[in-house]
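A.B. asks: There's a structure below that I have some questions on.
The values are calculated or read from the model by the stated rules, or taken from the named source; none is laboratory data. Predicted model only: the values in this text are computed from it and were never measured. Here the Cβ is made from the backbone with ideal geometry for all residues, glycine too, and neighbour counts use every protein chain on show.
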Amino acid sequence: MGLRPAPLADGRAQRVAARPAAVPAPKRQERLRVVAQSAAALTSSQQLYTSVAAGKPEPLGPSRTGSGVNFALFSRHAKSVRLCLFDGEAQPLGEVDCNRTGDVWHVELADLPLSGLRYGFKVSGDGGWDTGARWAPGKVLLDPYAPLVAGRRQFGVRDAVEQFKGKEGSLFLGAYDFSASAPYDWGPEEAARRPRTALKDLVIYEVPVRCFTADGSSGLPAEQRGTFAGMAAKAPYLASLGVNAVELLPVFEWDELEFRRTRNPRDHMTNVWGYSHINFFAPMSRLGAPGAGPEAAAREFKDMVKALHAQGIQVILDVVYNHTAEADDKDPYTLCMRGVDNKTYYMIDPSQYVQLVNWSGCGNTVNANNPPVTQMIIDSLVHWVTEYHVDGFRFDLASCLCRDERGHPMAAPPLIRAISKHPLLSGVHLIAEPWDIGMYQVGSFPNWDIWAEWNGKYRDDVRRFIKGDAGMKRAFATRLAGSADLYQTNNRRPYHSINFITAHDGFSLYDMVSYNDKHNDANGEGNRDGTNDNFSWNCGAEGDTGNGGIQALRQRQMRNCMVALMLSQGTPMIVSGDEIIKSHGGNNNWYGHDTPMAHLQWPRGDADKEAMLRFCSELIAFRKSHPALGREHFLGPNDITWHEDNWSNDESRFLAFTLHHREAGDIYAAFNAHTFAVSATLPRPPQGRKWCRLVDTNLPAPKDFTPGGNAGVDPVYGIQAFSSIVLIAKPL
């Protein structure tokens, strides 16, 4: 067990230099004058700051001192670092040499404005390509610890501020706000009403902020569409659906126009998903009100969290610590860590020309278990919990975080252990996407008994049974019962399985029942991108059709999936739009389309969408209300009865079972994935009770879901082809 740095008041850790160097006198004490008007309304007659001091090596990033602002940057291999100051229009105001203590470069500027400025660093060092260094001494680099990031003003719209240059890309600068108006007023209601929902009780809604409200059908004013404010405005909708957690696709700063730096097959695309961070501390500024800037975006993010919390909805962030937007050695996009200290922040293999190790599939892999990088990720997570009140994290390609500096798998990765043992972070929701392009760790991710996992096996097995594949009944039963084959080890529980059938990457629910094959030609890569393992079935026609029989079958299949998901032990997750039949036109990798293909079209009187929305909300409400679902422990023989005596019959596509609960009443469920109807003899209901129909996906809306159950059913129930039923035992 190693020594841990002592925490500072803001949750970050002190870094004590192993080899402290004497602090040299500042090279320049002259007073720089403003050369351009800043966003803080500085005038050319004002002095930007009054004096330069050596500063301190901690905390990293900008911090307010008694007399000004301190800046600190970690770069072990740099030989010189200069702080560069800019106004709100990204016009240069001056540069100052930084001082070195150990591996940290720092400087303090007295009486520097407390907001409105922008800043970056110029970093240079020794060593060429063969050493793993990627110095760009003339380029202004973003501070990895910048609490705010300023770039272009509006989402997807180039402007003069970003100073775009072909191939080199855009300028992104750090920002901060220490002004008197900066402390956010969460109000007493936040502490009183902030939801504390346990993982076992969550129903998660995965949603991209941009796409959720960008469409005019959202009914929001234009300035709110596709923003944090738009998300906040829809909090009542989410509450009415019944979900109690949102899992936001990445919201750290990213460059949505990264594909447009050079001519390439994807140079028409705009990144709406955000899996391409350029900083781990700043909210995406262009998800704030158009043109309002990073300071306003941070406040609007907090407004969004506050609004969601007020509706009983927790906020989980999808975080991408496995790679950044800086790409690879063939087409680098030097913005931040690559130029600050490539050998510290990224995994490299100096034995090959393209030295960046690529376990993410995105060109680079963050060196997450290198101690300074580990601490940066911990600091980032603490920042989002303390500053922004988020309730948990889903870690994209989390297996990348389980590798050493050369990319070799680690049984007990220091980063994952540090998060698991952290006094604050161990108490929030921790969800791993337990794979990368070289490891698949579903059921075996290093977990310290607190990490949950996206259960990819659940997705695949449920899809295959519902569409009628042979030999899937046993696997389907295992997934419904909580995936004990994967998670019944040590002190893990069923809720550590995040059950999902669809997610952002892959087909939507409607497309899963409407397409046999992906249709990704709009992405520009000849339909080669996106997974081919979709386990989908188009129900008889590829894509949209006017055939009423096929349309009805698709409606049943979508409902069958939702029934399976909400009846399963474990934690369910649905993806935004599935509840209102969103289609991406068969595109299963729609990350780069800021168009109606990606944007959610709200129901607005569409009968099928409204019916599906009602069905999903009723089903979610039933799950949340019945204690036989979402159990804390794995099912025992007294908890479930399988109505099955021929498990080895691979041609059987029918499964029925009863979940027992003495107080709340039993639940009987049956799934028929045959092409023909099955007459099921129902088990005898508990004494003093009768079976009543809650769900029959073969029935038209609104009879497909009868709240509270109908008056009763006959002892033999005809379960139609590709349909499912749910019965509840009600008192006589």
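A.B. asks: Looking at Trp129, Trp105, which is the one that is crowded, with 24+ Cβ neighbours inside 10 Å and of a type in the set (A, V, I, L, M, F, W, C)?
C.D. replies: Trp105
A.B. asks: Please tell me if Gly288 is in contact (Cβ under 8 Å) with a residue 24 or more places away in the chain, closer than 24 Å to Ser181 by Cβ and not acidic (Asp, Glu).
C.D. replies: Yes.
A.B. asks: Select from the stretch 205-221 the residues that are crowded, with 24+ Cβ neighbours inside 10 Å and of a type in the set (Ser, Thr, Tyr) and write down the one among them that is farthest from Ala598 (Cα to Cα).
C.D. replies: Among those residues, the one meeting the criterion is Tyr205.
A.B. asks: Can we say Glu300 is within 20 Å of Glu189 (Cα to Cα), in contact (Cβ under 8 Å) with a residue 40 or more places away in the chain, outside any strand (DSSP E or B) and of a type outside the set (Lys, Arg)?
C.D. replies: Yes, satisfied.
A.B. asks: Please specify each residue of the stretch 99-142 satisfying the condition of being among the aliphatic types (A, V, I, L, M) and not in a strand (DSSP E or B).
C.D. replies: Leu112, Leu114, Ala133, Ala136, Val140, Leu142
A.B. asks: With respect to Gly132, is the statement that it is touching a helix residue (DSSP H, G or I) at 6+ places or on another chain (Cβ under 8 Å), on the phi > 0 side of the Ramachandran plot and outside the structural domain of Gly291 (by the TED database) true?
C.D. replies: yes
Every residue, every condition in (1) surrounded by fewer than 19 Cβ atoms within 10 Å (Cβ to Cβ); (2) touching a Cys at 6+ places or on another chain (Cβ under 9 Å); (3) at positive phi; (4) not assigned by the TED database to the domain that holds Gly361, yes or no:
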{"residue": "Asp505", "(1), (2), (3), (4)": "yes, no, no, no"}
{"residue": "Met512", "(1), (2), (3), (4)": "no, yes, no, no"}
{"residue": "Gly524", "(1), (2), (3), (4)": "yes, no, yes, no"}
{"residue": "Asn527", "(1), (2), (3), (4)": "yes, no, yes, no"}
{"residue": "Asn532", "(1), (2), (3), (4)": "yes, no, no, no"}
{"residue": "Gly543", "(1), (2), (3), (4)": "yes, no, yes, no"}
{"residue": "Ile550", "(1), (2), (3), (4)": "yes, yes, no, no"}
{"residue": "Leu565", "(1), (2), (3), (4)": "no, no, no, no"}
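A.B. asks: Any residue that is assigned to a helix (DSSP H, G or I), more than 27 Å from Leu148 (Cα to Cα) and among the hydrophobic types (A, V, I, L, M, F, W, C) - is there at least one of those in the stretch 394-417?
C.D. replies: Scanning the stretch 394-417, I find at least one residue that is assigned to a helix (DSSP H, G or I), more than 27 Å from Leu148 (Cα to Cα) and among the hydrophobic types (A, V, I, L, M, F, W, C), so the answer is yes.
A.B. asks: In the stretch 395-417, how many residues are farther than 22 Å from Asn358 by Cβ and either surrounded by 20 or more Cβ atoms within 10 Å (Cβ to Cβ) or modelled with pLDDT under 95 (or both)?
C.D. replies: Qualifying residue count for the region: 0.
A.B. asks: Determine which member of the set Arg464, Arg474, Arg493, Arg479 is modelled with pLDDT of 95 or more and either within 30 Å of His323 (Cβ to Cβ) or crowded, with 24+ Cβ neighbours inside 10 Å (or both).
C.D. replies: Of the residues listed, the single one that is modelled with pLDDT of 95 or more and either within 30 Å of His323 (Cβ to Cβ) or crowded, with 24+ Cβ neighbours inside 10 Å (or both) is Arg479.
A.B. asks: Taking Gly543 as meeting all but one of (1) within 28 Å of the chain's Cα centre (by Cα); (2) touching a residue at least 24 places away in the same chain (Cβ under 8 Å), write down the number of the exception.
C.D. replies: With (1) within 28 Å of the chain's Cα centre (by Cα); (2) touching a residue at least 24 places away in the same chain (Cβ under 8 Å) applied to Gly543, the lone miss is (1).
Residues checked against (1) basic (Lys, Arg); (2) touching a helix residue (DSSP H, G or I) at 6+ places or on another chain (Cβ under 6 Å); (3) not in a loop (DSSP other than H, G, I, E, B):
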| site | (1), (2), (3) |
| --- | --- |
| His504 | no, no, no |
| Tyr515 | no, no, no |
| Lys518 | yes, no, no |
| Gly526 | no, no, no |
| Asp544 | no, no, no |
| Leu553 | no, no, yes |
| Met558 | no, yes, yes |
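A.B. asks: Does Thr478 satisfy being of a type in the set (Val, Ile, Thr), free of Cβ contacts under 8 Å to residues at least 40 places away in the same chain, more than 27 Å from Asp379 (Cβ to Cβ) and assigned by the TED database to the domain that holds Met573?
C.D. replies: yes
A.B. asks: Which residues, counting only those in the stretch 444-461, are buried (at least 22 other Cβ atoms within 10 Å of the Cβ) and polar (S, T, N, Q)?
C.D. replies: Asn447, Asn455
A.B. asks: Please report, ordered by residue number, the helices (runs of 4 or more DSSP H) entirely within the stretch 143-259 with at least 1 residues that are modelled with pLDDT under 95, within 30 Å of Gly427 (Cα to Cα) and of a type in the set (A, V, I, L, M).
C.D. replies: 187-193
A.B. asks: Cβ contacts < 6 Å: first residue over 26 Å from Ala621 (Cα atoms), restricted to the stretch 180-204; second residue surrounded by 16 or more Cβ atoms within 10 Å (Cβ to Cβ), any location; separation 6+ or different chain. Result?
C.D. replies: Tyr184/Lys302
A.B. asks: What about Glu453, is it out of contact with any Cys (no Cβ under 6 Å at 6 or more places or on another chain) and either assigned to a strand (DSSP E or B) or closer than 22 Å to Val203 by Cα (or both)?
C.D. replies: Yes: the conditions hold for Glu453.
A.B. asks: Given Val385, Val390, which one is in the same structural domain as Leu249 (by the TED database), of a type in the set (Val, Ile, Thr) and assigned to a loop (DSSP other than H, G, I, E, B)?
C.D. replies: Val390
A.B. asks: Restricting the stretch 75-102 to residues that are of a type outside the set (A, V, I, L, M, F, W, C) and in contact with a helix residue (DSSP H, G or I) (Cβ under 7 Å, 6 or more places away or on another chain), which is surrounded by the fewest Cβ atoms within 10 Å (Cβ to Cβ)?
C.D. replies: Filtering first and then ranking leaves Arg76.
A.B. asks: Moving to a separate point now. I need a count of the residues in the stretch 560-607 that are under 25 Å from the mean Cα position of the chain (by Cα) and assigned to a helix (DSSP H, G or I).
C.D. replies: The total comes to 10.
A.B. asks: I'd like the full set of residues that are surrounded by 24 or more Cβ atoms within 10 Å (Cβ to Cβ) and farther than 24 Å from Pro434 by Cβ, limited to the stretch 316-357.
C.D. replies: Matches in the stretch 316-357: Glu326, Leu335, Cys336, Met337, Arg338, Gly339, Val340, Asp341, Asn342, Ile348.
A.B. asks: Any chance you could count how many residues in the stretch 671-727 are touching a residue at least 40 places away in the same chain (Cβ under 8 Å), at negative phi and over 36 Å from the mean Cα position of the chain (by Cα)?
C.D. replies: Number of matching residues: 17.
A.B. asks: When you scan the stretch 673-732, how many residues do you find that are more than 18 Å from Arg662 (Cα to Cα), part of a strand (DSSP E or B) and not charged (D, E, K, R)?
C.D. replies: 14
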